[in-house]
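The structure appears right after this line, and notes come after that.
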Amino acid sequence: MSPGSIVETAPIGLLGGSFDPVHCGHLQLAQDALRSLGLAQIAFIPAGQPWQKGTITASVHRLRMLELALPQQAQWRIDPCEIDRDGPSYTVDTLRQMRTIVGPNCPLVWILGFDQLSQLHSWHQWERLTEFAHLAYTRRAGGAAKLNTVMSDFVAARAADASALRRAAAGAVVEFVMQPVDCSSSQIRRALSSGQERLAAPFLPEAVLGYIRSQQLYLPVHGQ
């Protein structure tokens with residue numbers, strides 16, 4: 001399927017991830033993408049069974065933390081399509097499903113961090129992603145600085161500026177700037193599991209931290 005050309009339509013942003021837990025970095029990424037890329041809205045897509053990761057927190061908790069973290073506004077929403085779908089959560093399947101829902105002419109933008117972009121060649125059917133959506137990435141402070149040859153060539157062949165996202169349904173790769181937030185879900189889990197909540201708390205929305213406490217998620221590991 002080849003999405004058709006369109007005329008100046010605001011794109012829909014898609015932000016996938018485990019969100020285990022969702023944190024201020026995710027929210028900053030979404031906010032900056034929404035503004036910089038001229039998105040009509042942004043959908044957070046929590047992974048169901050991320051095939052490149054080990055055990056993750058149950059989806060009911062990750063979904064609830066997203067609900068608590070996201071501001072109540074029309075431009076922000078949660079789409080549980082990967083949780084609802086059986087089998088491994090492949091991004092190409094999600095984009096194919098989204099394209100079927102929105103039709104051939106609506107621009108879709110899959111949002112990535114630079115670390116994800118640098119590993120994109122390891123994803124299932126990664127070469128097909130731009131058949132269904134644009135890709136937009138941002139660099140993370142202290143993250144990978146360069147792409148390998150395969151990814152560098154892939155990006156160079158599709159590189160465009162944000163205005164291109166409105167003029168076609170898919171196919172471009174765009175870089176945008178994110179205000180740095182020096183945290184990650186893995187860092188937060190490590191802090192919580194080692195009993196150092198004070199290190200994690202500044203990066204978690206208050207309601208999310210309250211939920212983590214109430215559900216006893218990421219408990220300190222005995223002996224640490």
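The values are calculated or read from the model by the stated rules, or taken from the named source; none is laboratory data. Just so we're clear, the structure is a prediction, and the values are computed from it rather than from any experiment. With ideal geometry, Cβ positions are generated from the backbone for all residues, glycine too; neighbour counts draw on all protein chains shown.
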- Item | Selection status of residue 159, of a type in the set (A, V, I, L, M) and either surrounded by 15 or more Cβ atoms within 10 Å (Cβ to Cβ) or at pLDDT below 95 (or both) | no
- Query: hydrophobic (A, V, I, L, M, F, W, C) and under 26 Å from residue 27 (Cβ atoms): does that describe residue 136?
  - Reply: yes
- If only one of 111, 101 is of a type outside the set (Asp, Glu) and surrounded by fewer than 14 Cβ atoms within 10 Å (Cβ to Cβ), which one is it? 101
- Query: Which residues, counting only those in the range 25-82, are among the aliphatic types (A, V, I, L, M) and touching a Lys or Arg at 6+ places or on another chain (Cβ under 6 Å)?
  - Reply: 43
- Message: Being buried (at least 18 other Cβ atoms within 10 Å of the Cβ) and in a loop (DSSP other than H, G, I, E, B) is the filter here; which residues of the range 19-49 pass it?
- Response: 19, 20, 21, 22, 23, 37, 39, 47, 48
- Message: Criterion first (in contact with a Phe, Trp or Tyr (Cβ under 9 Å, 6 or more places away or on another chain), modelled with pLDDT of 95 or more and at negative phi) does residue 129 satisfy it?
- Response: yes
- Among the residues of the range 161-207, count how many are farther than 21 Å from residue 26 by Cα and among the aliphatic types (A, V, I, L, M). 6
- Item | From the options 35, 99, residue that is more than 22 Å from residue 208 (Cβ to Cβ), charged (D, E, K, R) and in contact (Cβ under 8 Å) with a residue 60 or more places away in the chain | 99
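Considering only the range 73-104, how many residues are polar (S, T, N, Q), over 24 Å from residue 58 (Cα atoms) and at pLDDT below 95?
Residues of the range 73-104 polar (S, T, N, Q): 73, 75, 89, 91, 94, 97, 100.
Now narrow it down to the ones that are over 24 Å from residue 58 (Cα atoms): 73, 75, 100.
Remaining after also requiring at pLDDT below 95: 73, 75.
Selection size over the range 73-104: 2.
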- Selected residue (criterion: surrounded by the most Cβ atoms within 10 Å (Cβ to Cβ)) from residues of the range 146-156 that are under 21 Å from the mean Cα position of the chain (by Cα) and at pLDDT below 95: 147
- Message: Checking the conditions here, which among 136, 191, 172, 159 is touching a strand residue (DSSP E or B) at 6+ places or on another chain (Cβ under 8 Å) and free of Cβ contacts under 8 Å to residues at least 24 places away in the same chain?
- Response: 159
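Would it be correct to say that residue 16 is part of a loop (DSSP other than H, G, I, E, B) and at pLDDT 95 or above?
In short, no.
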- Odd one out for residue 72, checked against (1) more than 25 Å from residue 139 (Cα to Cα); (2) part of a helix (DSSP H, G or I): (2)
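Out of the residues in the range 79-93 that are farther than 17 Å from residue 13 by Cβ and of a type in the set (Ser, Thr, Tyr), which is surrounded by the fewest Cβ atoms within 10 Å (Cβ to Cβ)?
Of the residues in the range 79-93, the ones farther than 17 Å from residue 13 by Cβ are 83-90, 92-93.
Pick out the ones that are also of a type in the set (Ser, Thr, Tyr) and you get 89-90.
Values: 89: 22, 90: 19.
By that ranking, first place goes to 90.
Can you tell me which residues in the range 102-120 are without any contact (Cβ under 8 Å) to a residue 60 or more places away in the chain and either closer than 21 Å to residue 176 by Cβ or in contact with a Cys (Cβ under 6 Å, 6 or more places away or on another chain) (or both)?
As a first pass, look at the range 102-120 and keep what is without any contact (Cβ under 8 Å) to a residue 60 or more places away in the chain: 103, 112, 114-120.
Across the range 102-120, the qualifying residues are 112, 114, 115, 116, 117, 118, 119, 120.
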- Task: Residue by residue through the range 166-180, note down the ones that are surrounded by fewer than 17 Cβ atoms within 10 Å (Cβ to Cβ) and β-branched (Val, Ile, Thr).
- Result: 177
